[in-house]
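Undergrad: Sharing a structure below in structure tokens format, with a few things to ask.
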Amino acid sequence: MIVKRNFNPIKVWAYIQRPMLIIIFWTLLVWALHEYVFEQKLVLNFTPIGIIGSALAIFIGFRNNSAYGRWWEARQLWGGIVNCSRVLARLIITFTDSHAHQENYDRDRSEAFKKSMVLKVIAWVHALRLQLRGQSSWEEIEGYLTPEDHQQVVHTTNQAYALQMLMGKHIYQAMANGTLGGFDSFQMEGQLLALTNYQGGAERIKNTPLPRQYDFFTRLFVMFFALLLPFGLLGLFPVDYTWLAIPISLLVAGVFVIMERTGAAIEDPFENQITDVPLTAICNTIERDLLDALGDTPLPEKQRPEKGYLD
């Protein structure tokens with residue numbers, strides 16, 4: 001995620017390089033033909049071109065709103081994951097400790113259950129991050145699981161879901177051996193259900209792109225407008241100053257290209273790009289909070305922006 005206020009022009013150029021090179025070449029060609037081949041006659045009425053530009057601005061605005069809606073929904077889903085992870089960890093710790101007065105209470109067993117379950121929650125958020133980004137570096141979650149659990153999880157098709165299955169099994173094993181009791185499992189299962197719903201929402205965004213017609217026709221109309229623009233601008237300047245149509249055309253076309261590319265950059269928020277939702281930083285926050293709740297030290301270093309970008 002970009003957190004800095006100012007942008008490096010070189011990085012902006014990388015996003016718009018291909019269409020802008022075409023537009024620069026075309027604008028220079030139109031001006032040269034107008035001056036030296038068609039003797040100042042290569043001019044179109046600017047009014048219809050201006051109307052096209054106004055309609056295109058509305059179309060791009062609609063597309064960009066839809067793209068931002070996807071990005072913001074993704075951020076809200078992960079905000080929910082942060083809260084549910086904290087609640088689930090709190091329930092695991094407080095419910096386990098609440099049975100210390102019972103005759104069958106085993107401190108070592110209860111402490112092992114608490115740590116194992118909280119570490120599985122941390123493993124789950126990291127596994128979901130890796131899945132959404134299409135990464136397979138499963139050694140990142142190895143330290144949170146037993147070797148048997150790690151091998152079982154990494155050989156499944158949906159690692160995050162497999163971790164939820166493991167957590168569910170451990171909850172009912174704890175109910176059976178007396179580590180948990182009463183209605184503890186119901187409330188924990190409620191939080192697992194919420195995490196499952198958040199995972200499903202994130203997977204929906206990942207697997208369902210913005211309708212491709214929006215992307216195709218937006219790019220097509222922007223290029224069509226940019227190619228028509230110099231013909232209309234040539235007629236707005238005196239004969240000796242028609243060259244001004246070149247920078248003005250590039251400036252106006254560049255604005256439309258940047259607007260179109262802005263929407264395209266944020267419509268898929270889980271692609272491990274600088275414009276994405278900062279999943280690594282969110283997972284780092286969850287990990288620090290849950291380990292702190294367990295009393296583990298030292299905590300992982302807090303993830304901070306680097307050069308204006310938060311991963």
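The values are calculated or read from the model by the stated rules, or taken from the named source; none is laboratory data. Because the structure is predicted, anything quoted here is derived from the model rather than measured. Every residue, glycine as well, gets a Cβ built from its backbone with ideal geometry; the counts of neighbours run over all protein chains shown. Areas reflect the complete protein model, heavy atoms only, side chains present, ligands, DNA and RNA absent. Shrake-Rupley method; radii C 1.70, N 1.55, O 1.52, S 1.80 Å.
Undergrad: Would region 96-110 turn up any residue that is at pLDDT 95 or above, β-branched (Val, Ile, Thr) and either surrounded by 14 or more Cβ atoms within 10 Å (Cβ to Cβ) or not in a helix (DSSP H, G or I) (or both)? Full working, then the answer.
TA: The initial filter retains those residues of region 96-110 that are at pLDDT 95 or above, namely none.
Looking for residues that are at pLDDT 95 or above, β-branched (Val, Ile, Thr) and either surrounded by 14 or more Cβ atoms within 10 Å (Cβ to Cβ) or not in a helix (DSSP H, G or I) (or both), one finds none in region 96-110, hence no.
Undergrad: List, please: which pairs have Cβ atoms under 6 Å, are six or more places apart or on different chains, and start with a residue in region 154-182 that is open to solvent by less than 30 Å² (accessible area, probe 1.4 Å) and end with one that is in a helix (DSSP H, G or I) and polar (S, T, N, Q)?
TA: 160/131; 160/199; 171/185; 179/110
Undergrad: Right, next: Do you know which residues across region 259-286 are touching a Phe, Trp or Tyr at 6+ places or on another chain (Cβ under 8 Å), assigned to a helix (DSSP H, G or I) and of a type in the set (Val, Ile, Thr)?
TA: 266, 282
Undergrad: Look at region 12-46 and say how many of its residues are out of contact with any His (no Cβ under 7 Å at 6 or more places or on another chain) and in contact (Cβ under 8 Å) with a residue 24 or more places away in the chain.
TA: Pass one, region 12-46, residues out of contact with any His (no Cβ under 7 Å at 6 or more places or on another chain): 12-39, 41, 43-46.
Filter once more, so that each one left must be in contact (Cβ under 8 Å) with a residue 24 or more places away in the chain: 12, 15-16, 19-20, 22-24, 26-28, 30-31, 34-35, 43-46.
So the answer is 19.
Undergrad: Is it fair to say residue 73 is in a helix (DSSP H, G or I), out of contact with any Ser or Thr (no Cβ under 8 Å at 6 or more places or on another chain), open to solvent by 40 Å² or more (accessible area, probe 1.4 Å) and acidic (Asp, Glu)? Give the derivation first.
TA: Values: in a helix (DSSP H, G or I): yes; out of contact with any Ser or Thr (no Cβ under 8 Å at 6 or more places or on another chain): yes; open to solvent by 40 Å² or more (accessible area, probe 1.4 Å): yes; acidic (Asp, Glu): yes.
Yes; evaluated as a whole, the condition is true for this residue.
Undergrad: Say whether the condition of being in contact (Cβ under 8 Å) with a residue 24 or more places away in the chain and charged (D, E, K, R) is met by at least one residue in region 203-214. Break it down stepwise before answering.
TA: Step one: filter region 203-214 for residues in contact (Cβ under 8 Å) with a residue 24 or more places away in the chain, giving 203, 205-206, 209-210, 214.
Then keep just the ones that are charged (D, E, K, R); that gives 203, 206.
Yes, region 203-214 contains at least one residue that is in contact (Cβ under 8 Å) with a residue 24 or more places away in the chain and charged (D, E, K, R).
Undergrad: Right, another one. For region 134-153, give me the residue count where each residue is open to solvent by less than 40 Å² (accessible area, probe 1.4 Å), farther than 18 Å from residue 195 by Cα and out of contact with any His (no Cβ under 9 Å at 6 or more places or on another chain).
TA: Residues flagged as open to solvent by less than 40 Å² (accessible area, probe 1.4 Å), farther than 18 Å from residue 195 by Cα and out of contact with any His (no Cβ under 9 Å at 6 or more places or on another chain) within region 134-153 amount to 4.
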